[in-house]
Each structure stands twice: as C-alpha cells, then as structure tokens.
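Worksheet for the structure shown next.
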Ligand SMILES: [Zn+2]
C-alpha cells in the first residue's frame, strides 16, 4: 500500500476512488488542501479513546464501498460484527482501533474524513457507520471520499515503512544529529519524508524549521551537530504545543470529533503568514516552493544556505 499523499489535486478527485488509501504518482498539486497531521490525528484519537474503548461493535454499514481499502466492504462488515474495541491509538497520521480478539481497523482521514460518535453533522457524506453496543453510532464522514479504512492483522506490516514517532522515545537529539549527517538531503523534503520521521506534514515542518532557525533548503549533512540536536527538540516542542491546542483548523474541513476547531493556527509563526511580519524579528515572511510545497520562511531567522566555495 502506498502512503497517501499529504495534499492532493482537487481536479483529480474523480480518480481517487481507484487507489487503495493513496494516490501513487500524484501530479504536483494545483490547489492544495491541508490535511490532518500528527497533532490533529492525536487529538481525534484522544477524544475517541474514552468513547470507544470497551465498546462492542454490533453491526457495520458501508455506504461508500471505496472507503474500505481492504478487505472487501462485505468482509469488513462481517468480520467486525461482535468485535470489542480494546485500544484506540495512532501511528504517524493513521488512527487505529485494535480489536480484542485480534485485528485492527486502520484509517487515514486524508483531506476531509472525520469521525464522530453520533450521527455527525453531514449525513449526506456518511461513508461507514458502526453501531455500538451502547446504542450510539460511530460515523465515518468524508465529503471528498479520499479517506480510507482497512481491517488488517498486523498494523506495521500493512503500513509502508514509517520512521520513528517524533513524540516517542526514539527521536532524541543524538538520533537527529546522526541521521542528518548520514543524509545529503534538503531539510524540508527530508522532514516531510515519512520513512525518515513519522507524522510531520507541510505545516509543522515549516513551523519547526522556523523555530530551529534553519532554512528549508539547507542540506542535512551541513547542519552543525548542535543545531541538529536543537531541531529534534524544536520538533517535539512544536508538536506538543499543537497537540495541547488540539491541532490546527486551517479550513472548514478539519474539526475535532466534538465539532470544535483546534486552536494552534493562532500560534503559527510562519505557516500561511507570507507577507506578514515575522513574530520574532519583524522581517516579512516569504513564501517559496520547496519539494512542490508552499513553504514559509523568515529570511532573517532562517538564513539561506550559501553555496560552498571551492578551494
Ligand atoms: Zn524572523
């Protein structure tokens, strides 16, 4: 299974249903929609956990079969009848409901997928509904139909290779120092690469690089060791604050499961602030395109890399 693109070209929406949880070889986005990143998915998981853990699924209805990546929609429904949800957790930008008797429902919200306990505000866009033993319903609502659910035996085997969790114990300053040195990649594409580090997308990479004072085009092996270590701390700091603020609501699509917008966008230092003064130094924020992604930079706080002189 391919890891889904973070942002997709809206003009290609009609192709979306053909791929499984992802859009391989996606052309560069013409218009982008921000999708939930790690803090948003973590917020959803934390809010759903007390509602779902211990609940038994009495029945499942699939209203849009392509929302189910695997197995077939029919098997997905049949296999989950009577299943008790034991654990609700997150890996990278995926949410996972682990079933007591084995198996896991793994899902990615993509652009507009949402989960509600209850009917949700958009019955027209209801794609999958789970009847729970307490009489309530878990609703998977998805306006644009890019979101996917799968029922799998082994989560790690099902997902593509994903790097360490940035809020877990594996992301240490020493790890970052070693890994940046071992690679010769520009920082922004490297941090967006899910096989390097899990869960970061366009917004939080821009925010993190600004906090770390590193230009997105800097080459990883040329970042001094101490700065690399600081970058690890900045990633944890930015993500922790965003989780605490329950993520960011940058458009009308993302809401917490309770229908509330996250608040972290009010703290953005650079993302979406092109043309506005940097909150640290007053320099106007510039927007560049790096790795085909809109990238927000303060040229004073994040000096551009100088070409190396040959001697
Ligand atoms: Zn600045």
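Observations on the model:
- Working ranking of peptides 220-232, 194-206 by packing, defined as the average number of other Cβ atoms within 10 Å per residue, highest first, is 194-206, 220-232.
- Each label point was placed 7 Å from the Cα along the Cα-to-Cβ direction; for residue 59 and residue 241 their separation is 4.9 nm.
- Given their separation in residues at 0.36 nm each and the Cα-Cα distance between them, residue 172 and residue 279 gain 35.7 nm when the chain is fully extended.
- Placing a label point 7 Å from the Cα of residue 89 along the Cα-to-Cβ direction, the residues of the stretch 147-175 whose backbone N falls under 16 Å of that point are 152-159, 162-171.
- Full-stretch length increase - residue 124, residue 75 - with 0.36 nm per residue and alpha-carbon distance subtracted: 15.3 nm
- Label-point separation, residue 143 to residue 267 (7 Å along Cα→Cβ), nm: 2.6 nm
- Distance from the Cα centroid of the stretch 268-286 to that of the stretch 60-92 is 43 Å (rounded to whole angstrom).
- Label-to-label distance, nm, for residues given as residue 131 and residue 306 (7 Å Cα→Cβ offset): 7.1 nm
None of the figures in this text is laboratory data; all of them are computed from the coordinates on show. Worth saying up front: this structure is predicted, and the values here are computed from it rather than measured. Because the Cβ atoms are built from the backbone with ideal geometry, glycine has one as well, and the counts that use them run over all protein chains shown.
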